[in-house]
Each structure stands twice: as C-alpha cells, then as structure tokens.
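First the structure, in the form of structure tokens, and then the observations on it.
The values are calculated or read from the model by the stated rules, or taken from the named source; none is laboratory data. From a predicted model like this one, the values you see are computed outputs, not experimental measurements. Every residue, glycine as well, gets a Cβ built from its backbone with ideal geometry; the counts of neighbours run over all protein chains shown.
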Ligand code: NAD
Ligand code: DAU
C-alpha cells in the first residue's frame, strides 16, 4: 500500500534515523519531513537521503496550523509519525513554556488537522505518537515500567509529554483518530545533540573538559541504540494495534557513574590516552532538581506481540557511537558553536 507519511522532527536525533530507515526501506512511500530546525534540528543529519525521489523536506513549525493544513493538502498526508518536540529535561527546567507550546499545543494542532483532513475514513490512516518512559515518573531500586504503569511525570518536559499522550488518547476515544503511542527509554547513537549525557561527555572528553556528573551519579537509565528505536517505530507503525501503547527499552540499565567510567575507559583506548586520564575529568556537581532516580522499561509486550528486540549490546553500540563522533568532529564543532555556548554557560556555571 502506498502512503504519504508526515514525519515531524525528522531533522533531530531520533527523527533523522526514522526518516532514513523509511526512505530507504519503503521506496513506494512518500516521506515528508516537517521540521522547524530549532537548535536541535540539523539537515546535515540527512545528507545521504536528501536527494532521494521519495523524500521531501518542509521547513515548518507544528505551532503554525495554517502551514500544517497546507502541507497535509499539498502532499495528501495519509499518516503521521510525530517526533517533533522540545526534548531536553534541563532546558525544560530553565524554560518550561517552550515545552508547553511545542509538545502540547503542537501535538494538538497536528491531531486537529489530521481529524479534519482524514474526515471519517480513519481505517486507512495512522497517527503514531513518539513518547517517552519519563511519563511514568521514577522507579525505586526494583520493578519496571509496563504499559499499565500510571503516569506520574516529575519534570516540565515529562509533564508536557504526558499531556501530549493524553491528548492523543482523547482524540482516539472522542474522534476515533487511529493512534498508537510508543514510550521509549533513553536513546544514544550518532547525531545525538551534545546537551544529553553521552554525547556531551564524549565531546568534553575529546576536549579534556570537566565531566559534570549530577549528584552522586547514582541515577539509573535504560539505554537503547537509536537505530533499534527506529526499528521499533517501524514495527509498531505497521503492525501495532490501534489505540495501544508499546513500551520500548534496551533491557540495559546503567548507573550514570558506571556508564561514565565505561565511556572514559573506551575513549582513553580510542584516543591513545593513558588509562584513567579521562576518568580524572569527572566532577560531581549540584543535582538536577526533581531528578528521577531510575528508569527501566519492561519491553515484553513489543517483544511478544511484534518480535522486536535490541540488535546490539551496549558495549558494541557505545563503541560505534564514539567512533562516529571521532569521525565527525566537524558536525560536533558546527552544532556546538553559537548559541550552544550560552546554554552551556547558563546550565553549568553555577553548579
Ligand atoms: P531532538 O531534540 O534531537 O529533536 C527534536 C526535533 O524536533 C528537532 O529536529 C527540532 O528542530 C524539531 N522541533 C522542535 N520544535 C519544533 C516545532 N515547534 N515544530 C517543528 N519541529 C520542531 O529530539 P529527539 O531526542 O530526537 O526526540 C525525538 C522524540 O522522541 C521526542 O518527541 C522525544 O520526546 C522522544 N523521545 C526521545 C528519547 C531520547 O532519548 N532522546 C527517548 C524517548 C522518546
Ligand atoms: O528516558 C527517555 C528520555 O531520556 C527522553 O525522553 C529525553 O528526551 C532524553 O533527553 C532523556 O532524558 P534524560 O534526562 O534521562 O537524559 P540526559 O541525557 O539529559 O541525562 C541522562 C542522565 O545523566 C540523567 O540521570 C541526568 C544525568 N546527567 C545529564 C547531563 C546532561 C548528568 O549527570 N550530567 C549532565 O551533564
């Protein structure tokens, strides 16, 4: 079946991997990448597919309903995979309103246009909302987030994502929008913006700058290689049951401090530095307010129903990721110039 899929946020970290996968795997689909190109969006991420005949880029903002309407009409959009968002927890603490606008109002704009444009012919359409495990809040030392876990978001970012999930569900219940939601754990891999833990620390190790570990480094995250997330989105988009959530995770929990030490060890080897040189850069700084202690996904449902599982071990994925950053220092320099420096100073100077 031919489809015209609107992928929002396709110039960002995860979105660019989803766009690449769909453009290459489905030559009969038209892939329309809608992105506002905020600080986190970068068309350099998609150089290899930008000339593909089934790919179109639309520079637009989910906060502009008129433009969304035009794009739906111009490309006869049959489906949406919605990734566009403000995605960084620390920025949501500095500036919550941006998250409320893009993540909540932007999502409702898209839902409203899809509802009107698709009219009643919902059987042939799909609205796939890409969400996060952070909506479930935090875990103690034991247990996992399942699809039945109640929502208990703790940061402005996770509250805005939880709210967007609720609106997607409400449009499904009230207007029969045919939706699926994926709630994924922490991603890592190429093209990850260096404000998040792994790419920030890779960049700082390259530059021999301090590695600012929040609190005691005891918070735990469940890490998944970004291409495995893109594979999960592909599966759920095509085979997931309408109106359901699917949790996606790496079965791969790491305490921050253990992860940082592993990263330091791998990078010392790759950079021919003395063992322990990068670890000496670790600096414990003031904790993130409302810092969730532990995330861990139970990904049994997507595994049992759709046969998905991660394809790489963490050590393999981390090694590939470090190699990518070492081979793409121009990308790194490019995205960390200009306004990034202001953010870095604001975020880290008083910790
Ligand atoms: P990102 O910050 O790297 O990319 C976000 C993209 O959205 C950028 O290209 C940006 O330009 C675009 N964008 C932002 N505001 C926009 C607007 N108003 N209109 C149009 N485009 C806009 O984010 P990411 O890490 O790739 O995350 C993508 C999605 O996946 C988000 O919805 C996020 O909540 C979710 N998610 C992320 C992770 C993770 O670990 N990174 C894990 C689970 C879920
Ligand atoms: O769980 C999924 C979520 O993962 C996504 O929804 C978010 O978009 C994504 O940003 C990510 O959120 P986290 O807050 O978990 O990721 P971050 O990389 O910012 O932080 C990971 C852990 O590392 C967290 O416990 C905070 C800590 N940290 C982070 C930074 C940036 C530090 O100790 N120092 C830092 O400088």
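So the values come out like this:
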{"quantity": "Residue 161 near ligand 1 (Cβ under 10 Å from one of its atoms), surrounded by fewer than 22 Cβ atoms within 10 Å (Cβ to Cβ) and in contact (Cβ under 8 Å) with a residue 12 or more places away in the chain", "calculated": "no"}
{"quantity": "Residue 84 being within 15 Å of ligand 2 (Cβ to nearest atom) and modelled with pLDDT of 95 or more", "calculated": "yes"}
{"quantity": "Residue under evaluation residue 191, criteria (1) surrounded by 22 or more Cβ atoms within 10 Å (Cβ to Cβ); (2) part of a loop (DSSP other than H, G, I, E, B); (3) more than 14 Å from ligand 1 (Cβ to nearest atom), criterion not met", "calculated": "(3)"}
{"quantity": "Residue 198 crowded, with 21+ Cβ neighbours inside 10 Å and near ligand 1 (Cβ under 10 Å from one of its atoms)", "calculated": "yes"}
{"quantity": "Residue list for region 142-158, restricted to those being in contact (Cβ under 8 Å) with a residue 12 or more places away in the chain and surrounded by fewer than 23 Cβ atoms within 10 Å (Cβ to Cβ)", "calculated": "143, 144, 146, 147, 149, 150, 151, 152, 153, 154, 155, 156"}
{"quantity": "Search result, residues across region 235-255 that are in a loop (DSSP other than H, G, I, E, B) and within 12 Å of residue 308 (Cβ to Cβ)", "calculated": "240, 249, 250, 251"}
{"quantity": "Residue 153 being within 16 Å of ligand 1 (Cβ to nearest atom) and assigned to a helix (DSSP H, G or I)", "calculated": "no"}
{"quantity": "Pair list, Cβ under 6 Å, 6 or more apart: region 167-195 residue away from ligand 2 (no atom under 15 Å from the Cβ), other residue modelled with pLDDT under 95", "calculated": "176/122; 178/122"}
{"quantity": "Any hit, region 211-233, residues being more than 12 Å from ligand 1 (Cβ to nearest atom), surrounded by fewer than 21 Cβ atoms within 10 Å (Cβ to Cβ) and without any contact (Cβ under 8 Å) to a residue 60 or more places away in the chain", "calculated": "no"}
{"quantity": "Considering residues of region 262-275 that are surrounded by fewer than 18 Cβ atoms within 10 Å (Cβ to Cβ) and touching a residue at least 12 places away in the same chain (Cβ under 8 Å) only, the residue nearest to ligand 1 (Cβ to nearest atom)", "calculated": "262"}
